[in-house]
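A short worksheet on the structure shown next.
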Amino acid sequence: MADDVIFVKNGDELVPLEVGEYNAESALQELLAKHPQLLAGAQMNRSDPRRFLLVRREAPVSDHEGGGGRWSVDHLFLDQDATPTLVEVKRSSDTRIRREVVGQMLDYAANGTRYWAPELLRQLFEATCEKDGLEPSNVLGEVIGESDTEEFWTRAGRNLRRGAVRMVFVADLIPDELRSIIEFLNGQLMDAEVYGVEVRLYTAPGGQECYVPRLVGAVASAEREKSSTASTSLDELFAKSGSAATEIRDLISTWAGERGVPKVNAPGSFQVGHAKSQGGKGALARVYPQYGTIEIPLVALWEAGQDEEIPKMLARIQRIAPGKKLTKKAPGVPFQDALRNWDEVTAVLDSMLELRQDSKGLATGIQPVEQAASSPE
(Lines give C-alpha, C1' and ligand atoms only; values in the text may rest on other atoms or scores of the structure.)
Protein backbone atom coordinates (compact mmCIF):
# COMPACT_ATOMS: atom_id res chain seq x y z
CA MET A 1 0.00 0.00 0.00
CA ALA A 2 2.86 2.35 0.76
CA ASP A 3 4.03 2.05 -2.85
CA ASP A 4 0.59 2.57 -4.38
CA VAL A 5 0.08 5.73 -6.39
CA ILE A 6 -3.25 7.57 -6.51
CA PHE A 7 -3.97 10.00 -9.33
CA VAL A 8 -6.54 12.77 -9.63
CA LYS A 9 -7.59 14.13 -13.00
CA ASN A 10 -6.87 17.81 -13.51
CA GLY A 11 -8.11 18.77 -16.96
CA ASP A 12 -6.39 16.40 -19.35
CA GLU A 13 -3.63 15.56 -16.90
CA LEU A 14 -3.36 12.94 -14.16
CA VAL A 15 -1.71 14.41 -11.08
CA PRO A 16 -0.26 11.97 -8.54
CA LEU A 17 -1.17 12.49 -4.91
CA GLU A 18 1.68 12.64 -2.46
CA VAL A 19 1.80 10.42 0.62
CA GLY A 20 1.26 12.59 3.66
CA GLU A 21 2.10 12.12 7.32
CA TYR A 22 -0.01 12.67 10.42
CA ASN A 23 1.68 15.35 12.48
CA ALA A 24 0.52 13.64 15.69
CA GLU A 25 -1.21 10.47 16.81
CA SER A 26 -4.03 12.61 18.22
CA ALA A 27 -4.81 13.89 14.69
CA LEU A 28 -5.67 10.37 13.53
CA GLN A 29 -7.58 9.71 16.76
CA GLU A 30 -9.70 12.82 16.23
CA LEU A 31 -10.33 11.85 12.62
CA LEU A 32 -11.65 8.41 13.61
CA ALA A 33 -13.89 9.85 16.32
CA LYS A 34 -15.58 12.16 13.82
CA HIS A 35 -15.54 9.77 10.86
CA PRO A 36 -15.81 6.14 12.07
CA GLN A 37 -16.41 5.02 8.48
CA LEU A 38 -12.62 5.14 8.20
CA LEU A 39 -12.58 1.89 10.19
CA ALA A 40 -13.31 0.09 6.91
CA GLY A 41 -16.59 -1.43 8.09
CA ALA A 42 -17.56 -2.35 4.53
CA GLN A 43 -14.38 -4.40 4.18
CA MET A 44 -15.05 -6.21 7.46
CA ASN A 45 -18.41 -7.46 6.22
CA ARG A 46 -19.16 -6.83 2.56
CA SER A 47 -22.67 -8.33 2.70
CA ASP A 48 -23.60 -6.25 5.78
CA PRO A 49 -21.15 -3.34 6.18
CA ARG A 50 -20.37 -2.43 9.77
CA ARG A 51 -21.63 0.93 11.02
CA PHE A 52 -19.99 2.30 14.14
CA LEU A 53 -21.30 4.29 17.08
CA LEU A 54 -18.70 6.14 19.15
CA VAL A 55 -19.20 5.32 22.82
CA ARG A 56 -16.19 7.18 24.17
CA ARG A 57 -12.70 8.35 23.34
CA GLU A 58 -10.22 7.31 26.02
CA ALA A 59 -12.77 4.86 27.43
CA PRO A 60 -11.78 3.82 30.98
CA VAL A 61 -10.94 0.16 31.61
CA SER A 62 -10.83 -1.17 35.18
CA ASP A 63 -8.89 -4.18 36.46
CA HIS A 64 -11.35 -5.02 39.25
CA GLU A 65 -15.03 -4.79 40.07
CA GLY A 66 -16.13 -1.26 40.85
CA GLY A 67 -12.70 0.18 40.24
CA GLY A 68 -11.74 3.30 38.36
CA GLY A 69 -10.03 3.25 35.01
CA ARG A 70 -6.58 1.73 35.34
CA TRP A 71 -6.20 2.02 31.57
CA SER A 72 -8.01 3.75 28.75
CA VAL A 73 -8.58 2.45 25.24
CA ASP A 74 -8.21 5.07 22.51
CA HIS A 75 -11.74 4.54 21.19
CA LEU A 76 -14.66 2.36 22.15
CA PHE A 77 -17.31 1.87 19.46
CA LEU A 78 -20.38 -0.34 19.07
CA ASP A 79 -21.52 -1.56 15.67
CA GLN A 80 -25.17 -2.03 14.62
CA ASP A 81 -25.17 -5.51 16.19
CA ALA A 82 -23.93 -4.07 19.52
CA THR A 83 -20.50 -5.65 19.12
CA PRO A 84 -18.02 -3.69 21.27
CA THR A 85 -15.16 -2.50 19.06
CA LEU A 86 -11.94 -1.46 20.78
CA VAL A 87 -9.58 0.71 18.76
CA GLU A 88 -5.95 1.52 19.45
CA VAL A 89 -4.22 4.12 17.29
CA LYS A 90 -0.49 4.31 16.65
CA ARG A 91 1.67 5.95 14.03
CA SER A 92 4.01 3.62 12.16
CA SER A 93 6.95 5.63 13.50
CA ASP A 94 6.01 4.56 17.05
CA THR A 95 8.10 1.48 17.91
CA ARG A 96 5.35 0.26 20.27
CA ILE A 97 3.24 -0.65 17.24
CA ARG A 98 5.35 -3.77 16.65
CA ARG A 99 4.38 -5.85 19.68
CA GLU A 100 3.67 -3.76 22.77
CA VAL A 101 0.35 -2.53 21.41
CA VAL A 102 -0.91 -6.13 21.18
CA GLY A 103 -0.39 -6.71 24.89
CA GLN A 104 -2.14 -3.42 25.60
CA MET A 105 -5.15 -4.38 23.51
CA LEU A 106 -5.48 -7.82 25.09
CA ASP A 107 -5.39 -6.21 28.54
CA TYR A 108 -8.20 -3.86 27.54
CA ALA A 109 -10.32 -6.61 25.98
CA ALA A 110 -9.85 -9.09 28.82
CA ASN A 111 -10.75 -6.58 31.52
CA GLY A 112 -13.36 -4.69 29.50
CA THR A 113 -15.39 -7.83 28.85
CA ARG A 114 -15.20 -8.66 32.53
CA TYR A 115 -15.92 -5.29 34.15
CA TRP A 116 -17.84 -3.19 31.62
CA ALA A 117 -21.60 -3.28 31.97
CA PRO A 118 -24.16 -2.18 29.37
CA GLU A 119 -25.32 0.55 31.75
CA LEU A 120 -21.79 1.97 31.84
CA LEU A 121 -21.47 1.88 28.05
CA ARG A 122 -24.77 3.70 27.75
CA GLN A 123 -23.68 6.37 30.23
CA LEU A 124 -20.38 6.87 28.38
CA PHE A 125 -22.23 7.17 25.06
CA GLU A 126 -24.72 9.70 26.40
CA ALA A 127 -21.91 11.74 27.97
CA THR A 128 -20.08 11.76 24.62
CA CYS A 129 -23.23 13.00 22.87
CA GLU A 130 -23.76 15.72 25.49
CA LYS A 131 -20.15 16.87 25.09
CA ASP A 132 -20.60 17.09 21.31
CA GLY A 133 -24.03 18.75 21.57
CA LEU A 134 -25.85 15.82 19.96
CA GLU A 135 -29.10 14.05 20.76
CA PRO A 136 -28.29 10.41 21.76
CA SER A 137 -31.45 8.95 20.22
CA ASN A 138 -30.68 10.56 16.85
CA VAL A 139 -27.07 9.37 16.85
CA LEU A 140 -28.11 5.85 17.84
CA GLY A 141 -30.85 5.77 15.22
CA GLU A 142 -28.34 6.50 12.45
CA VAL A 143 -26.53 3.28 13.35
CA ILE A 144 -29.28 0.84 14.39
CA GLY A 145 -32.20 2.23 12.39
CA GLU A 146 -35.59 1.16 13.72
CA SER A 147 -34.17 -1.53 16.02
CA ASP A 148 -35.25 -1.54 19.66
CA THR A 149 -32.97 0.69 21.74
CA GLU A 150 -33.27 -1.30 24.97
CA GLU A 151 -32.59 -4.56 23.15
CA PHE A 152 -29.48 -2.97 21.62
CA TRP A 153 -27.94 -2.20 25.02
CA THR A 154 -28.99 -5.61 26.37
CA ARG A 155 -27.30 -7.25 23.42
CA ALA A 156 -24.15 -5.24 24.09
CA GLY A 157 -24.08 -6.79 27.56
CA ARG A 158 -24.51 -10.29 26.15
CA ASN A 159 -21.68 -9.71 23.70
CA LEU A 160 -19.41 -8.55 26.52
CA ARG A 161 -20.21 -11.63 28.60
CA ARG A 162 -19.49 -13.91 25.64
CA GLY A 163 -16.25 -12.14 24.82
CA ALA A 164 -17.69 -11.28 21.40
CA VAL A 165 -15.66 -8.14 20.79
CA ARG A 166 -13.71 -6.64 17.92
CA MET A 167 -10.14 -5.43 18.43
CA VAL A 168 -8.85 -3.00 15.81
CA PHE A 169 -5.33 -1.62 15.44
CA VAL A 170 -5.26 1.60 13.38
CA ALA A 171 -2.15 3.19 11.90
CA ASP A 172 -0.97 4.99 8.81
CA LEU A 173 0.93 1.80 7.98
CA ILE A 174 0.67 -1.61 9.69
CA PRO A 175 4.14 -3.18 10.02
CA ASP A 176 4.67 -6.81 9.01
CA GLU A 177 5.26 -7.91 12.60
CA LEU A 178 1.86 -6.62 13.70
CA ARG A 179 0.17 -7.90 10.54
CA SER A 180 1.34 -11.45 11.30
CA ILE A 181 0.00 -11.29 14.86
CA ILE A 182 -3.35 -9.89 13.69
CA GLU A 183 -3.86 -12.61 11.10
CA PHE A 184 -2.85 -15.33 13.56
CA LEU A 185 -5.22 -14.11 16.27
CA ASN A 186 -8.08 -13.49 13.87
CA GLY A 187 -7.72 -17.02 12.53
CA GLN A 188 -7.68 -18.63 15.99
CA LEU A 189 -10.20 -16.74 18.09
CA MET A 190 -13.78 -17.94 17.98
CA ASP A 191 -15.94 -15.15 19.40
CA ALA A 192 -13.57 -12.20 19.02
CA GLU A 193 -12.35 -10.50 15.84
CA VAL A 194 -8.97 -8.87 15.38
CA TYR A 195 -8.14 -6.47 12.55
CA GLY A 196 -5.67 -3.87 11.49
CA VAL A 197 -6.75 -0.81 9.54
CA GLU A 198 -4.35 1.33 7.60
CA VAL A 199 -5.60 4.85 7.03
CA ARG A 200 -3.27 6.34 4.46
CA LEU A 201 -3.15 10.10 4.02
CA TYR A 202 -2.57 11.61 0.58
CA THR A 203 -2.32 15.30 -0.26
CA ALA A 204 -3.29 17.02 -3.49
CA PRO A 205 -1.47 20.07 -4.98
CA GLY A 206 -4.34 22.35 -3.97
CA GLY A 207 -4.03 21.34 -0.33
CA GLN A 208 -6.88 18.85 -0.36
CA GLU A 209 -6.48 15.65 1.65
CA CYS A 210 -7.49 12.13 0.68
CA TYR A 211 -7.89 9.29 3.21
CA VAL A 212 -7.78 5.67 2.07
CA PRO A 213 -8.65 2.97 4.66
CA ARG A 214 -7.58 -0.63 4.07
CA LEU A 215 -8.33 -3.66 6.22
CA VAL A 216 -5.57 -6.00 7.39
CA GLY A 217 -6.58 -9.41 8.73
CA ALA A 218 -9.54 -9.92 6.42
CA VAL A 219 -7.75 -12.74 4.58
CA ALA A 220 -7.62 -14.90 7.68
CA SER A 221 -11.24 -14.11 8.43
CA ALA A 222 -12.37 -14.98 4.89
CA GLU A 223 -10.49 -18.27 4.92
CA ARG A 224 -12.10 -19.18 8.23
CA GLU A 225 -15.57 -18.44 6.85
CA LYS A 226 -14.92 -20.43 3.67
CA SER A 227 -13.57 -23.46 5.51
CA SER A 228 -16.34 -23.53 8.11
CA THR A 229 -19.65 -24.08 6.39
CA ALA A 230 -20.81 -25.66 9.64
CA SER A 231 -20.43 -22.29 11.38
CA THR A 232 -22.57 -20.52 8.79
CA SER A 233 -25.31 -23.16 8.78
CA LEU A 234 -25.24 -23.24 12.58
CA ASP A 235 -25.86 -19.50 12.76
CA GLU A 236 -28.84 -20.01 10.46
CA LEU A 237 -30.16 -22.80 12.68
CA PHE A 238 -29.95 -20.61 15.78
CA ALA A 239 -31.59 -17.72 13.94
CA LYS A 240 -34.50 -19.95 12.94
CA SER A 241 -34.86 -21.58 16.35
CA GLY A 242 -35.99 -18.54 18.32
CA SER A 243 -34.80 -16.44 21.23
CA ALA A 244 -34.51 -19.34 23.72
CA ALA A 245 -31.89 -21.05 21.53
CA THR A 246 -29.85 -17.86 21.21
CA GLU A 247 -30.11 -17.14 24.94
CA ILE A 248 -28.94 -20.67 25.83
CA ARG A 249 -25.98 -20.37 23.46
CA ASP A 250 -25.02 -17.00 24.94
CA LEU A 251 -25.31 -18.30 28.50
CA ILE A 252 -23.28 -21.46 27.88
CA SER A 253 -20.70 -19.45 25.94
CA THR A 254 -20.39 -17.05 28.87
CA TRP A 255 -20.00 -19.97 31.30
CA ALA A 256 -17.26 -21.46 29.13
CA GLY A 257 -15.48 -18.14 28.67
CA GLU A 258 -15.38 -17.43 32.41
CA ARG A 259 -13.77 -20.83 33.07
CA GLY A 260 -11.38 -21.01 30.14
CA VAL A 261 -13.28 -23.91 28.58
CA PRO A 262 -12.88 -24.43 24.79
CA LYS A 263 -15.86 -23.61 22.54
CA VAL A 264 -16.52 -25.21 19.16
CA ASN A 265 -19.06 -24.77 16.36
CA ALA A 266 -19.77 -28.32 15.22
CA PRO A 267 -22.22 -29.52 12.54
CA GLY A 268 -25.67 -28.94 14.04
CA SER A 269 -24.51 -28.00 17.53
CA PHE A 270 -22.54 -25.51 19.62
CA GLN A 271 -20.24 -27.38 22.00
CA VAL A 272 -18.18 -26.48 25.05
CA GLY A 273 -15.41 -28.47 26.69
CA HIS A 274 -14.44 -30.41 23.57
CA ALA A 275 -10.64 -30.48 23.86
CA LYS A 276 -9.55 -33.69 22.10
CA SER A 277 -6.97 -31.77 20.09
CA GLN A 278 -5.32 -30.89 23.42
CA GLY A 279 -5.41 -34.41 24.85
CA GLY A 280 -8.77 -33.95 26.57
CA LYS A 281 -12.05 -35.83 26.37
CA GLY A 282 -15.38 -35.13 24.70
CA ALA A 283 -17.76 -32.23 25.10
CA LEU A 284 -19.17 -31.20 28.47
CA ALA A 285 -22.30 -29.81 26.82
CA ARG A 286 -23.82 -29.57 23.34
CA VAL A 287 -26.50 -27.07 22.35
CA TYR A 288 -28.78 -28.35 19.56
CA PRO A 289 -30.95 -25.50 18.22
CA GLN A 290 -32.95 -27.73 15.88
CA TYR A 291 -33.97 -30.06 18.74
CA GLY A 292 -34.41 -27.37 21.36
CA THR A 293 -32.18 -29.15 23.87
CA ILE A 294 -28.89 -28.76 25.68
CA GLU A 295 -27.24 -32.16 25.92
CA ILE A 296 -24.91 -33.04 28.81
CA PRO A 297 -22.95 -36.17 27.80
CA LEU A 298 -22.21 -38.26 30.88
CA VAL A 299 -19.85 -40.46 28.90
CA ALA A 300 -17.24 -37.79 29.62
CA LEU A 301 -17.28 -38.90 33.27
CA TRP A 302 -16.78 -42.54 32.29
CA GLU A 303 -13.85 -41.56 30.05
CA ALA A 304 -12.37 -39.60 32.97
CA GLY A 305 -12.59 -42.62 35.28
CA GLN A 306 -15.49 -41.11 37.26
CA ASP A 307 -18.20 -43.62 36.30
CA GLU A 308 -19.44 -43.91 39.90
CA GLU A 309 -20.57 -40.30 39.65
CA ILE A 310 -22.83 -40.91 36.64
CA PRO A 311 -26.00 -41.94 38.59
CA LYS A 312 -25.63 -38.92 40.88
CA MET A 313 -25.21 -36.54 37.95
CA LEU A 314 -28.15 -38.07 36.10
CA ALA A 315 -30.36 -37.52 39.17
CA ARG A 316 -29.32 -33.85 39.30
CA ILE A 317 -30.07 -33.37 35.61
CA GLN A 318 -33.45 -35.04 36.07
CA ARG A 319 -34.33 -32.41 38.68
CA ILE A 320 -33.61 -29.72 36.09
CA ALA A 321 -36.10 -31.34 33.69
CA PRO A 322 -38.74 -33.07 35.85
CA GLY A 323 -41.00 -35.38 33.87
CA LYS A 324 -38.58 -35.56 30.93
CA LYS A 325 -37.41 -39.07 30.05
CA LEU A 326 -33.62 -38.82 29.89
CA THR A 327 -31.12 -41.11 28.25
CA LYS A 328 -28.34 -42.32 30.52
CA LYS A 329 -25.44 -41.61 28.18
CA ALA A 330 -26.35 -38.12 26.96
CA PRO A 331 -29.39 -36.63 28.70
CA GLY A 332 -30.92 -33.70 26.83
CA VAL A 333 -32.61 -30.86 28.75
CA PRO A 334 -35.24 -28.77 26.90
CA PHE A 335 -34.27 -25.11 26.55
CA GLN A 336 -37.19 -23.85 28.66
CA ASP A 337 -36.32 -26.17 31.55
CA ALA A 338 -32.67 -25.14 31.30
CA LEU A 339 -33.55 -21.43 31.37
CA ARG A 340 -35.83 -21.87 34.40
CA ASN A 341 -33.09 -23.74 36.29
CA TRP A 342 -29.95 -22.19 34.84
CA ASP A 343 -28.15 -21.97 38.18
CA GLU A 344 -28.45 -25.73 38.56
CA VAL A 345 -27.32 -26.27 34.96
CA THR A 346 -24.12 -24.33 35.63
CA ALA A 347 -23.67 -26.15 38.96
CA VAL A 348 -23.86 -29.49 37.13
CA LEU A 349 -21.36 -28.34 34.51
CA ASP A 350 -19.03 -26.97 37.19
CA SER A 351 -19.16 -30.32 39.00
CA MET A 352 -18.47 -32.26 35.81
CA LEU A 353 -15.57 -29.98 34.96
CA GLU A 354 -14.15 -30.42 38.45
CA LEU A 355 -14.49 -34.20 38.25
CA ARG A 356 -12.72 -34.22 34.90
CA GLN A 357 -9.88 -32.12 36.27
CA ASP A 358 -9.59 -34.35 39.35
CA SER A 359 -9.21 -37.52 37.25
CA LYS A 360 -5.61 -38.71 37.60
CA GLY A 361 -3.31 -38.96 34.64
CA LEU A 362 -5.70 -37.24 32.20
CA ALA A 363 -4.71 -33.97 30.53
CA THR A 364 -7.81 -32.00 29.69
CA GLY A 365 -6.34 -28.90 28.10
CA ILE A 366 -8.81 -26.90 30.20
CA GLN A 367 -7.93 -24.27 32.77
CA PRO A 368 -8.85 -24.98 36.42
CA VAL A 369 -12.10 -23.64 37.78
CA GLU A 370 -11.40 -20.93 40.33
CA GLN A 371 -14.75 -21.15 42.06
CA ALA A 372 -16.52 -24.32 41.05
CA ALA A 373 -19.98 -24.78 42.54
CA SER A 374 -20.16 -27.45 45.24
CA SER A 375 -22.28 -30.50 44.54
CA PRO A 376 -25.48 -30.84 46.55
CA GLU A 377 -25.10 -34.59 46.46
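The values are calculated or read from the model by the stated rules, or taken from the named source; none is laboratory data. Keep in mind that this is a model prediction, so the values were computed, not measured. Here the Cβ is made from the backbone with ideal geometry for all residues, glycine too, and neighbour counts use every protein chain on show. Accessible surface areas use protein heavy atoms only, side chains included; no ligands, DNA or RNA. Shrake-Rupley method; radii C 1.70, N 1.55, O 1.52, S 1.80 Å.
Just the residues that are open to solvent by less than 80 Å² (accessible area, probe 1.4 Å), over 17 Å from TYR291 (Cα atoms) and over 33 Å from the mean Cα position of the chain (by Cα), please, taken from the range 312-340.
LEU314, ALA315, GLN318
Can you name the residue in the range 282-291 that is part of a loop (DSSP other than H, G, I, E, B) and touching a strand residue (DSSP E or B) at 6+ places or on another chain (Cβ under 6 Å) and, of all such residues, is surrounded by the most Cβ atoms within 10 Å (Cβ to Cβ)?
Step by step, filter the range 282-291, then rank; the result is LEU284.
Can you give me the number of residues within the range 180-213 that are more than 21 Å from VAL264 (Cβ to Cβ) and surrounded by fewer than 16 Cβ atoms within 10 Å (Cβ to Cβ)?
10
Taking the condition of being polar (S, T, N, Q) and open to solvent by less than 90 Å² (accessible area, probe 1.4 Å), how many residues in the range 117-152 meet it?
The total comes to 4.
May I ask you to list pairs of residues, at least six apart or on different chains, whose Cβ atoms are under 7 Å apart, with the first in the range 83-100 being assigned to a helix (DSSP H, G or I) and the second being buried (at least 20 other Cβ atoms within 10 Å of the Cβ) and modelled with pLDDT of 90 or more?
ARG96/LYS90; ILE97/LYS90; ILE97/ALA171; ILE97/LEU178
Among ARG70, ARG56, ARG46, ARG96, which is modelled with pLDDT of 95 or more, more than 16 Å from the chain's Cα centre (by Cα) and open to solvent by 60 Å² or more (accessible area, probe 1.4 Å)?
ARG56
Identify, by number, the condition in (1) in contact (Cβ under 8 Å) with a residue 60 or more places away in the chain; (2) acidic (Asp, Glu); (3) closer than 27 Å to SER26 by Cα that ASP191 doesn't meet.
Among (1) in contact (Cβ under 8 Å) with a residue 60 or more places away in the chain; (2) acidic (Asp, Glu); (3) closer than 27 Å to SER26 by Cα, ASP191 violates only (3).
Would it be correct to say that VAL102 is over 21 Å from the mean Cα position of the chain (by Cα) and either open to solvent by less than 80 Å² (accessible area, probe 1.4 Å) or among the acidic types (Asp, Glu) (or both)?
No; evaluated as a whole, the condition is false for this residue.
For residues that are assigned to a strand (DSSP E or B) and at positive phi, tally how many sit in the range 9-39.
0
Is at least one residue of the range 52-68 out of contact with any Phe, Trp or Tyr (no Cβ under 9 Å at 6 or more places or on another chain), among the aromatic types (Phe, Trp, Tyr) and either in a strand (DSSP E or B) or closer than 30 Å to ARG155 by Cα (or both)?
The answer is no, given that none of the residues of the range 52-68 is out of contact with any Phe, Trp or Tyr (no Cβ under 9 Å at 6 or more places or on another chain), among the aromatic types (Phe, Trp, Tyr) and either in a strand (DSSP E or B) or closer than 30 Å to ARG155 by Cα (or both).
Can you name the number of the only condition in (1) acidic (Asp, Glu); (2) closer than 24 Å to THR154 by Cα; (3) modelled with pLDDT under 90 that ASP307 fails?
Unmet for ASP307, out of (1) acidic (Asp, Glu); (2) closer than 24 Å to THR154 by Cα; (3) modelled with pLDDT under 90: (2).
From (1) in a helix (DSSP H, G or I); (2) small (Gly, Ala, Ser); (3) surrounded by fewer than 17 Cβ atoms within 10 Å (Cβ to Cβ), pick out the condition that doesn't hold for ALA109.
(3)
Is it the case that some residue within the range 350-361 is crowded, with 16+ Cβ neighbours inside 10 Å, at pLDDT 90 or above and either more than 27 Å from ALA245 (Cα to Cα) or under 30 Å from the mean Cα position of the chain (by Cα) (or both)?
There is at least one residue in the range 350-361 that is crowded, with 16+ Cβ neighbours inside 10 Å, at pLDDT 90 or above and either more than 27 Å from ALA245 (Cα to Cα) or under 30 Å from the mean Cα position of the chain (by Cα) (or both).
ASP172 versus (1) open to solvent by less than 50 Å² (accessible area, probe 1.4 Å); (2) touching a helix residue (DSSP H, G or I) at 6+ places or on another chain (Cβ under 6 Å); (3) within 29 Å of GLY103 (Cα to Cα): which is the lone unmet condition?
Unmet condition: (2).
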